[in-house]
1. Any idea of the total accessible area buried by the B-A contact, 1.4 Å probe, rounded to 100 Å²?
2. Counting just the Cα atoms, what span does region A:271-420 cover along each of its three principal axes? Round to the nearest Å and put the largest first.
3. Relative to the isolated chain, which residues of region B:367-406 have their accessible area cut by 20 Å² or more in the presence of all protein chains (1.4 Å probe, heavy atoms, no ligands or nucleic acids)?
4. Between region B:129-186 and region A:45-63, how far is it from one alpha carbon centroid to the other, in angstrom?
5. Tell me the per residue accessible area of region B:133-419 using a 1.4 Å probe; a whole number in Å² is fine.
6. Do me a favour and compute the ellipsoid semi-axes for region B:115-165 from its Cα gyration tensor, root of five times each eigenvalue, largest one first, whole Å.
7. Any residues in region B:260-283 that have 20 Å² or more less accessible area with all protein chains than in their chain alone, probe 1.4 Å, and which are they?
8. Go ahead and estimate [θ] at 222 nm for chain B from helices alone: -39,500 (n - 2.57) per DSSP H run with n ≥ 4, summed, over the residue count, rounded to 500.
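The values are calculated or read from the model by the stated rules, or taken from the named source; none is laboratory data. Model, not experiment: these values are computed from the prediction. When we count neighbours, we look across all protein chains shown, and the Cβ atoms used for this are built from the backbone with ideal geometry, even at glycine. The accessibility values were calculated without ligands, DNA or RNA, using every heavy atom of the protein model including side chains. Shrake-Rupley method; radii C 1.70, N 1.55, O 1.52, S 1.80 Å.
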Protein chains: 2
Amino acid sequence: MERIVARYYIETPYAVEKAATALAGEQSSGTFVMVPGETEELKNRFAARVEHIEPLETVSEPAIPGATSPDGVYRRATVDVSWSVENFGHNLPTLISTLQGNLYEITQFTGLKLMDIHFPESYVNNYRGPRFGINGSRSLTHVAPGRPLLGTIIKPSVGLTPAQTAEIVDTLAQAGIDFVKDDELMASTANSPFEDRVDAVMRVINRHADRTGKKVMYAFNISDELEPMLRKYDYVLQSGGTCAMISLNSIGLAGAKRICDLSELAIHGHRNGWGMLNRHPLLGIEFPAYQKLWRLAGVDQLHVNGIQNKFWESDDSVVRSIASCLDAAPLDKPVLPVVSSGQWGGQAFETYRRTQTTDLLYMAGGGIMAHPGGPAAGVTALQQAWEGAVGGLTMEEAARQYPEFGGSVEKFGKLQIHRA
Amino acid sequence: MERIVARYYIETPYAVEKAATALAGEQSSGTFVMVPGETEELKNRFAARVEHIEPLETVSEPAIPGATSPDGVYRRATVDVSWSVENFGHNLPTLISTLQGNLYEITQFTGLKLMDIHFPESYVNNYRGPRFGINGSRSLTHVAPGRPLLGTIIKPSVGLTPAQTAEIVDTLAQAGIDFVKDDELMASTANSPFEDRVDAVMRVINRHADRTGKKVMYAFNISDELEPMLRKYDYVLQSGGTCAMISLNSIGLAGAKRICDLSELAIHGHRNGWGMLNRHPLLGIEFPAYQKLWRLAGVDQLHVNGIQNKFWESDDSVVRSIASCLDAAPLDKPVLPVVSSGQWGGQAFETYRRTQTTDLLYMAGGGIMAHPGGPAAGVTALQQAWEGAVGGLTMEEAARQYPEFGGSVEKFGKLQIHRA
């Protein structure tokens, strides 16, 4: 029988084997005493199984509150646990309740993070995954392989009218941008009702498309309760839009999959709220596991932060996230990594050096909108940065060669956060 | 214009005022430089506003990774921030993206927890909240005020056939139980397909109801992707069931609200995954804020853990959670607190002493199923425990007065976790 394997990074005040057994027990038998009806046969068929334990370092202070160690030592380890697919079938929410659920509550752990999930073959057959993904997003925007899709976020996040938003989109489309998105804070506001914004923006985008043959992909933020979200999806579709954005953690998996299943628009998955699930090194979930769940649900584009970002995440972590999005498993269908946060083109060089890929949606917000030559020059600068990076130039060489990118370096180069 | 106020517990390596301003800026303007179109008028209307700062302790080590303090001091504080309702209207997912979202990523914080949310009047008018809640759950189970609803969870969590499950329900119904639930790990398994389980269990429950006039409330775990979840909901309803359980965090808010909006079954909200959102003292969300979001979505019954539980949570925290569920705000409609985890009746005394309420769904899993006299004696023991607790007896007095409860004390009393 097929099994799903989950890898955890744990810390425990007890023997690692004992803690691993508690983990497996809680997530299959699930009570503190032996109960009638719990036969050996049942246990063998449905019990979670500890597959492998890799002991790691020990520490003298617990990472998060839990039981006190009798010998003052907190032991860390990697633990692989497996479950029969018979336990839940193909039901992603119940899979999550099984692989995560109450595990974070168990007192025998002073740290627990879900690192990765290995899905068996039947998941590949049961879940279609991204309808558009990398290739579909390229087709919709007419961006051939060899460079990333280049995009921006309308800023300020909240406050512009539909007409103001459309005016910015006009400038950006003129400058040859591939992708524009609403901010995750912008859904339907007092001075930018959703439908009015779609009308105004799509009028501009459709006009440019008629002229040039290239339709800018605009990710309208449809995040909402389910019924209004479905209405907004339809509105975008009927208006000729090609993409909708959803805040994955705020909506949740059942709602997100419902939207992805519609399969008409590319789904831009925003991961805001991610820090809550990931920022502590020994609590929550790591991105390789996280992206698989959303990929199974059918998300086409997924945020991964960016090199030298304005947030707390390290470059190493961003590089790992990009690699996991591009990895074929579990569906032979990668999800398009969305690089953003404090990007302005200067990071293109390091991004390309470390990832060696252009299968990215590379987004600059302020980096485009606040370019000294205006947003159009900001788009050009971003294109130049990637041309330079892929062509083997250094940032300094590209700045000398391309005037608009040179302007970016002059304005944003000094704002760049330097990391150890 | 109405404003929503959120309270955060933060830690920062910088001046608290500076960090609070960064918080408000990220969640309204949202970029790292001033951009065209961002006028003072726009800012005043849509910007988040720091309402109040309460400085607290300082520490010498950051709670979670972030920026390094220039003076080696990490400052903690309570910060109240407000947003105009104009920014998002009545859209719970976008509210969550605004109040939480990228906040957890900001490098200026080495700790951030959403403590509470104050909703303005229009939310009360826009969200119905729990359709059943405390009073509705009492009516459906014929439990008059004065004692909690008493319930149990079918254990082992996974593995029993529908016939075995129904047999246990039969025994429990005979013994006068009010409520039974599937485990959150149990959805539809190879040897207990959902519909077969509903058929078998409801046959027993309906038979007892015809005989006694009291229908046991069984929370069938319908947690699934949206379409199968809706089908399962209908199946429970058509079979005469009165309740469905959903794993809130695994499904997410959009899906959960869609289910609650159906308004025909009481919705039992399981919070598995909660530890990931809450276990660290300076990361995530506290229960008073969390329960308000789910209450607005319409959840009727919500897990709060229990006194002397088997998990890591302190009694103080459990008591606070129960109080917040019973608090009228924001909807004048409390949600029924579900007390569980390692409960067997012995904790009834401390639970009642500290909460002074019987508006609880009090659940024992192993505590009923593994009673030395069998599950029926387990139910009786639980009833006796609460009768004793409300009547002012101590646990020891009740154990002497009631033989079944005495049996519980003998078996489970020594397993009880003693806490400081």
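1. Numbers: alone 17710 and 17710 Å², together 27680 Å².
Buried area (both sides, nearest 100 Å²): 7700 Å².
2. Ordered largest first, region A:271-420 gives principal extents of 43, 30, 26 Å.
3. By number: B:369, B:370.
4. Comparing the Cα centres of region B:129-186 and region A:45-63, I get a distance of 34 Å.
5. Details: 8540 Å² over 287 residues.
For region B:133-419, the per-residue accessible area is 30 Å².
6. Values: eigenvalues 228, 65, 28 Å².
For region B:115-165, the semi-axes come out at 34, 18, 12 Å.
7. Flagged in region B:260-283: B:272, B:273, B:275, B:276, B:277, B:279, B:280, B:283.
8. Computed mean residue ellipticity for chain B: -11500 deg cm²/dmol.
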